[in-house]
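Asks: Structure provided below as structure tokens; questions to follow.
The values are calculated or read from the model by the stated rules, or taken from the named source; none is laboratory data. Every value quoted in this text rests on a predicted model; they were computed, and no experiment measured them. Reconstructed Cβ throughout: ideal geometry from the backbone, glycine too, with neighbour counts over all protein chains shown. Side chains included, ligands, DNA and RNA excluded: accessible areas come from the protein's heavy atoms. Shrake-Rupley method; radii C 1.70, N 1.55, O 1.52, S 1.80 Å.
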Amino acid sequence: RRDKHQRFHRTVTLKRNTRKSSNSKSYSIMVFCPFTISTAETGVIERFGKFNRLAKPGLGFLICGAEQLAGRLSFRVQQLDVRLETKTMDNVFVTAVVSIQFQVLEEKAWNAFYALTDPRRQITAHVYDVLRAEIPTLELDALFEAKEELAQTVKAALAQTMTQYGYQIMQALITDLDPDQRVKNAMNEINS
């Protein structure tokens, strides 16, 4: 297989074809197009629309007309901030902001590229699902105390689902819990 890839690294190859029935000689030209992949990324190469290989960082070549660089995947840690509004057990509307840090698993790059159309929307949907199930079971004061447990619940649910699609959930942080403005004003009056 390595010999096959070494042949692809020539920019132009001439092949001589001879026909048994004719003395005429025909030549076909195979043209290679260069491309580059940055550090901490991988390129997804397709040949005639079918997955062919993953390209490592650096300079690579495609057979023009037959292969294409279908996309790139970054192995860097990415962050997604999810904002949602929900109601607590004591009927207080709360806006929660959850920061999800995730990255593509190198050994599952194929799954990460082909299994999900939009992984950010998938992650967002799971965060909504978990928090809208958990927050309504808590009163406002208990919600602030249970921030860490909620974050761990979100991380566990995401990790279980997203690993099969080639994503590792590094961290889930509840960065903000903001009650409705009227509730904040009432709490400030009580504390004054």
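Asks: Can you tell me how many residues in region 95-134 are in contact (Cβ under 8 Å) with a residue 60 or more places away in the chain, over 14 Å from the mean Cα position of the chain (by Cα) and surrounded by fewer than 17 Cβ atoms within 10 Å (Cβ to Cβ)?
Replies: Matching residues across region 95-134 total 3.
Asks: Mind listing whichever residues of region 1-50 are part of a helix (DSSP H, G or I) and either at pLDDT 75 or above or open to solvent by 90 Å² or more (accessible area, probe 1.4 Å) (or both)? Steps first, please.
Replies: Pass one, region 1-50, residues part of a helix (DSSP H, G or I): 2-8.
Those that are part of a helix (DSSP H, G or I) and either at pLDDT 75 or above or open to solvent by 90 Å² or more (accessible area, probe 1.4 Å) (or both): 2, 3, 4, 6, 7.
Asks: Within region 77-94, which residues are farther than 18 Å from residue 158 by Cβ and open to solvent by 30 Å² or more (accessible area, probe 1.4 Å)?
Replies: 85, 87, 89, 90, 91, 93
Asks: Considering region 51-61 alone, what residues qualify as being open to solvent by 20 Å² or more (accessible area, probe 1.4 Å) and either over 22 Å from residue 119 (Cα atoms) or out of contact with any Phe, Trp or Tyr (no Cβ under 8 Å at 6 or more places or on another chain) (or both)?
Replies: Those that are open to solvent by 20 Å² or more (accessible area, probe 1.4 Å) and either over 22 Å from residue 119 (Cα atoms) or out of contact with any Phe, Trp or Tyr (no Cβ under 8 Å at 6 or more places or on another chain) (or both): 52, 53, 56, 57, 58, 59, 61.
Asks: Go through (1) touching a Leu at 6+ places or on another chain (Cβ under 6 Å); (2) part of a helix (DSSP H, G or I); (3) of a type in the set (A, V, I, L, M, F, W, C) for residue 159 and report which single condition fails.
Replies: Residue 159 satisfies every listed condition except (1).
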